[in-house]
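Below is one structure; the comments refer to it alone.
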Amino acid sequence: MSYGKRVALIVAAAALVATAAIAQQLHEGRHIFDGVTIRTAGGLNLAGTAVTATGAELNALDGLTATVAELNILDGVTSTAAELNILDGVTSTAAELNILDGVTSTAAELNILDGVTSTAAELNILDGVTSTAAELNILDGVTATATEINSLAGTKNVLVCENTVAYTDTTAKAICTIPADADVIGITVNVTTGFDDTGTDVLDLGVTGTAEHFKADLDVTSTGQTVTGWNNFGDVGASPITVEAIYTGQNTNANAGAATVIILYFDE
């Protein structure tokens, strides 16, 4: 046999062997294309890794333009679709959303600001205010200007002291103590129960050491008020004074009688 025929026979034999191998793979249901093994019965195998996704699942990627880095953003996300949809329509920036960082107010507390038109400067006026609502409401209805209110600056405070006198107070009873340099500006004696001695019923109003300093023998037989006829109004001097009252029944047999002594004064 010639050399050429022998070569031809060798090539033909090799082709038969290759054809037999391919036939065997086809018989096993496999197709090999450059390292990719396709199993017609067992599924897809890529470089030794079995692909378990269905065709429908693979088709979910149809039209996808996201990069690997963009897809990896979802790595670790546990939010549901509903939770992610909360962001639908949000136009706030990260900085704007971060304003909420640390906020502990409830929705009801935040809603207090609903409709507020005050500026930050106007709201800051309340900084340090300790007045109660009742105290602030004292200003309700006030129409005076700041100038008119300021006209009260430097004015004296009018103070009141009062106490009661009964038919049993036949020795000096302290009504109140008025501080040094105060000015007595008014006295009222209001007899609420007439004193009932069978003789005269009188009240002396004075200070310690001078029993009749303001008034002597004020008739307290009948109910009513006495607001005039007093003596020694004005500055009490450099020392405080104690106002005293003494009831005297002519026959010392009174069984009833009560009065309230009211003294008005300026406190320097």
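Residue count for the stretch 137-150 under the criterion of being surrounded by 11 or more Cβ atoms within 10 Å (Cβ to Cβ) and either outside any helix (DSSP H, G or I) or in contact with a Phe, Trp or Tyr (Cβ under 6 Å, 6 or more places away or on another chain) (or both): the result is 1.
Conditions (1) more than 31 Å from the chain's Cα centre (by Cα); (2) of a type in the set (S, T, N, Q); (3) over 27 Å from residue 233 (Cβ atoms), marked per residue:
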| residue | (1), (2), (3) |
| --- | --- |
| 121 | no, no, yes |
| 126 | no, no, yes |
| 136 | no, no, yes |
| 150 | yes, yes, yes |
| 157 | yes, yes, no |
| 164 | yes, yes, no |
| 167 | yes, no, yes |
| 187 | yes, no, no |
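Being in the same structural domain as residue 174 (by TED's automatic domain parsing) and within 15 Å of residue 197 (Cβ to Cβ) is true for just one of 224, 257, 209, 237. Which residue is that?
Numbers: 224 fails: within 15 Å of residue 197 (Cβ to Cβ); 209 fails: within 15 Å of residue 197 (Cβ to Cβ); 237 fails: within 15 Å of residue 197 (Cβ to Cβ).
Every option except 257 fails the conditions.
Look at (1) without any contact (Cβ under 8 Å) to a residue 24 or more places away in the chain; (2) outside any strand (DSSP E or B) and you find that residue 251 fails only one, number (1).
Here is a yes/no grid of residues against (1) more than 30 Å from residue 44 (Cα to Cα); (2) assigned to a loop (DSSP other than H, G, I, E, B):
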position	(1), (2)
58	no, no
62	no, yes
98	yes, no
103	yes, yes
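What residue, among those in the stretch 198-237 that are assigned to a strand (DSSP E or B) and among the polar types (S, T, N, Q), is nearest to residue 258 (Cα to Cα)? Looking at residues that are assigned to a strand (DSSP E or B) and among the polar types (S, T, N, Q), I get 225. Just give me the residues in the stretch 170-186 being under 21 Å from residue 254 (Cβ atoms) and in contact with a Gly (Cβ under 9 Å, 6 or more places away or on another chain), in sequence order. Scanning the stretch 170-186 gives 170, 172.
The number of residues in the stretch 212-253 being crowded, with 17+ Cβ neighbours inside 10 Å and closer than 17 Å to residue 172 by Cβ comes to 13. Has the stretch 131-140 got at least one residue that is among the acidic types (Asp, Glu) and either in contact (Cβ under 8 Å) with a residue 12 or more places away in the chain or in contact with a strand residue (DSSP E or B) (Cβ under 7 Å, 6 or more places away or on another chain) (or both)? There is no residue in the stretch 131-140 that is among the acidic types (Asp, Glu) and either in contact (Cβ under 8 Å) with a residue 12 or more places away in the chain or in contact with a strand residue (DSSP E or B) (Cβ under 7 Å, 6 or more places away or on another chain) (or both). If you go through the stretch 254-268 and keep only what is over 25 Å from residue 179 (Cβ atoms) and part of a loop (DSSP other than H, G, I, E, B), you end up with 254, 255, 256, 257.
Could you check how many residues of the stretch 221-234 are out of contact with any Lys or Arg (no Cβ under 8 Å at 6 or more places or on another chain) and in contact (Cβ under 8 Å) with a residue 40 or more places away in the chain? Counting residues in the stretch 221-234 that are out of contact with any Lys or Arg (no Cβ under 8 Å at 6 or more places or on another chain) and in contact (Cβ under 8 Å) with a residue 40 or more places away in the chain gives 4.
For residue 85, the conditions (1) at pLDDT 90 or above; (2) under 24 Å from the mean Cα position of the chain (by Cα) are fulfilled apart from (2). Cβ separations smaller than 6 Å between residues 6+ apart or across chains give the following pairs from the stretch 34-60 residues that are at pLDDT 80 or above to residues that are surrounded by 10 or more Cβ atoms within 10 Å (Cβ to Cβ): 51/44.
With the requirement that a residue be over 18 Å from residue 220 (Cα atoms) and assigned to a strand (DSSP E or B), what does the stretch 175-196 give you? Listed by number, the residues that qualify are 176, 177, 178, 183, 184, 185, 186.
The values are calculated or read from the model by the stated rules, or taken from the named source; none is laboratory data. All values derive from a computational prediction rather than experimental measurement. A quick note on method: Cβ atoms are made from the backbone with ideal geometry, for glycine too, and the neighbour counts reach across all protein chains shown.
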